[in-house]
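Enquirer: The structure is given below, and queries will be raised subsequently.
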Amino acid sequence: MLNTELNLAAPDDVYEALVALHRDLTPAQSRLVNARLILLLANHIGDAEVLRQAMARARAGIEPEGRDDTPQVVA
């Protein structure tokens, strides 16, 4: 089951590390780093059902381009 409750001991530190990860990268390099990170974390999780739940949650409320230009954030 996907855990959506705060599960990080130091969330601000993780956020700062994510920002630093992308510092000085081009948009294409940033997308590549994101893809690599996603695949590494997906492998670490190792549970396809949890990954499907996370993907559905991440995609929720975001319409494909051309339908609605205003992305909605779903917590």
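Enquirer: Across the stretch 12-39, what is the number of residues that are surrounded by 10 or more Cβ atoms within 10 Å (Cβ to Cβ), aliphatic (A, V, I, L, M) and without any contact (Cβ under 8 Å) to a residue 12 or more places away in the chain?
Expert: 8
Enquirer: Go through the stretch 23-32 and count every residue that is assigned to a helix (DSSP H, G or I) and either within 17 Å of residue 58 (Cβ to Cβ) or of a type in the set (Ser, Thr, Tyr) (or both).
Expert: Result for the stretch 23-32: 2.
Enquirer: Yes or no: residue 67 more than 18 Å from residue 2 (Cα to Cα), modelled with pLDDT of 95 or more and not hydroxyl-bearing (Ser, Thr, Tyr)?
Expert: no
The values are calculated or read from the model by the stated rules, or taken from the named source; none is laboratory data. Since this is a predicted model, take the numbers as computed values, not measurements. With ideal geometry, Cβ positions are generated from the backbone for all residues, glycine too; neighbour counts draw on all protein chains shown.
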